[in-house]
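Okay, so here's the structure we're looking at.
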Amino acid sequence: MDASSPSSDAERELGELRRRAYGPHSDIQADRAALARLAELETAGTGNPPEGDDTEIDEPAAAAESVPVVDVARTVSAADRRDQAAGIAPVVASSNDPSRSRWHSIWLYATATRAHRSWSVAGTLVVLFALAYSLEWLIGPHSDATLHATEHEADDVVFLMLDVLGADVDRSSLRGYEPYRGVEPWFSVDRQGLQCFMIIDRSGPTVDGANCVPPGVDLFADIGAWPLLGDDSMDGLPDGSIIRFHHRGDSVDVSLYPASEAG
């Protein structure tokens, strides 16, 4: 057989791979492609040199024949376990193109790294948003009370306050809410379609905080608290404090903005 035949080439390649695997200076464990090629050649049965082949094997390599055979499959599996621990999916080496498996491993590692970073960034953003919301809730104004709509129909006091304001509203749209510190929020819709809000104090009677806005715009009414002027319903609040009634549809949120007591 010609020395350059495919069989001779495979045998020489097998001999070299065996020296790397079983020789005194073996280094094949770090080369997964070489391990896969060694397994392929061993399986193909090209390990016995043909008759008449006088190729000499150096003494260290011959001595290595007495060394126990390396379990190639077990070595590859150990490498796979190391890759799995590092977050890289195991890849079976291709007998036709060993370099393809190496590039595939690199691609999988890069993909896993990008995915890990993406999840890390997303997790960080969620934590930051949660902290921002918590700080806003702690620092920002809180609703002091929530007032619900009542079934009470508008009476003469409500109509009188509308006349005082000169408001032309659809009386069927009037809706009252539970009282808070002696005052009542009332909602209505005027003839132009604006949504209106007013706060009625029946002790006067007086009306305060009247406001009308187009649909879709926040609707609220602010009134001042002046306990020193004889407003008993506002006892406990510093003079000049603001009470905001925020219309929410079927309910009204009440927020207190106490004035500074300094000076």
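Once the Cα-Cα distance is subtracted from the 0.36 nm per residue extended length, the Ile242 to Asp163 segment shows a gain of 25.9 nm. If R0 equals 41 Å, the separation of the Cβ atoms of Arg171 and Asp235 corresponds to a calculated FRET efficiency of about 0.75.
Placing unit charges on the Cβ atoms of the charged side chains and taking the dipole of region 169-254 about its Cα centre, the candidate lying farthest along the positive direction among Met234, Val254, Gly193 is Gly193. If you look at the Cα atoms of region 140-263, you get an Rg and a Dmax of 14.5, 48 Å. Rolling a 1.4 Å probe across all protein chains gives Asp231 an accessible area of roughly 40 Å².
Taking the charge dipole of region 145-219 about its Cα centre, with +1 at Lys and Arg Cβ atoms and -1 at Asp and Glu Cβ atoms, the residue from Cys212, Thr150, Gly176 reaching farthest to the positive side is Cys212.
In the context of the full set of protein chains, region 143-205 has a per residue accessible area of 56 Å² (1.4 Å probe). Extension gain for Asp222 to Leu128 (0.36 nm times residue separation, less C-alpha to C-alpha distance): 30.5 nm.
The values are calculated or read from the model by the stated rules, or taken from the named source; none is laboratory data. Remember, predicted model here, so these are calculated numbers, not experimental data. So basically every Cβ, Gly included, is an ideal-geometry build from the backbone, and we count neighbours across all protein chains shown. Surface accessibility is based on the protein's heavy atoms, side chains included, excluding ligands, DNA and RNA. Shrake-Rupley method; radii C 1.70, N 1.55, O 1.52, S 1.80 Å.
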